[in-house]
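Shown next, in structure tokens, is the structure this report addresses.
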Amino acid sequence: QVQLVESGGGLVQPGGSLRLSCAASGRIFSLYVMGWYRQAPGNQREWVASVTSGGTTTYADSVKDRFTISRVNAKNTVYLQMNTLKPEDTAVYYCNVYPANPRYWGQGTQVTVSS
């Protein structure tokens, strides 16, 4: 069983930055591919980025070159550094294993990009 708690969201102006964190419980965290996902109002939840246990990363085209996913296995934590934020990045951000397991969705953290 894995429990995930996201944090670090907030209100930021276009062009700004935020760093999201995801704290995971479970002794086997390091074995999972981890991902960040987001859901904007009226839209389906979408995958944003993922990172393997060894640190290999993959990104959605919409965030490539602006977002960076990383993890520290010793801390059971996954991060999402978001730079050059745009209004269309406004969403609730979630972490989960990749592919996502419906049992593991947490509350998410709200990111709002607005002037």
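Of the residues making up segment 38-64, those that are in a loop (DSSP other than H, G, I, E, B), touching a residue at least 24 places away in the same chain (Cβ under 8 Å) and surrounded by 15 or more Cβ atoms within 10 Å (Cβ to Cβ) number 2.
Among the residues making up segment 76-112, those that are under 14 Å from Ala24 (Cβ atoms), among the polar types (S, T, N, Q) and over 13 Å from the mean Cα position of the chain (by Cα) are Asn76, Asn101. Annotation for segment 65-88: at least one member residue is within 18 Å of Ser114 (Cβ to Cβ), without any contact (Cβ under 8 Å) to a residue 40 or more places away in the chain and open to solvent by less than 60 Å² (accessible area, probe 1.4 Å). Which condition number in (1) modelled with pLDDT under 95; (2) at negative phi is the one that Asn76 fails? All conditions pass for Asn76, except number (2).
Any chance you could count how many residues in segment 11-37 are within 17 Å of Gln107 (Cβ to Cβ) and exposed (fewer than 13 other Cβ atoms within 10 Å of the Cβ)? Total meeting the criteria: 1.
The values are calculated or read from the model by the stated rules, or taken from the named source; none is laboratory data. Because the structure is a prediction, the values reported are computed rather than measured. As a convention, Cβ positions derive from the backbone with ideal geometry for all residues, glycine included, and neighbour counts pool all protein chains shown. Note: accessible area is taken over every heavy atom of the protein model, side chains too, but ligands, DNA and RNA are not part of it. Shrake-Rupley method; radii C 1.70, N 1.55, O 1.52, S 1.80 Å.
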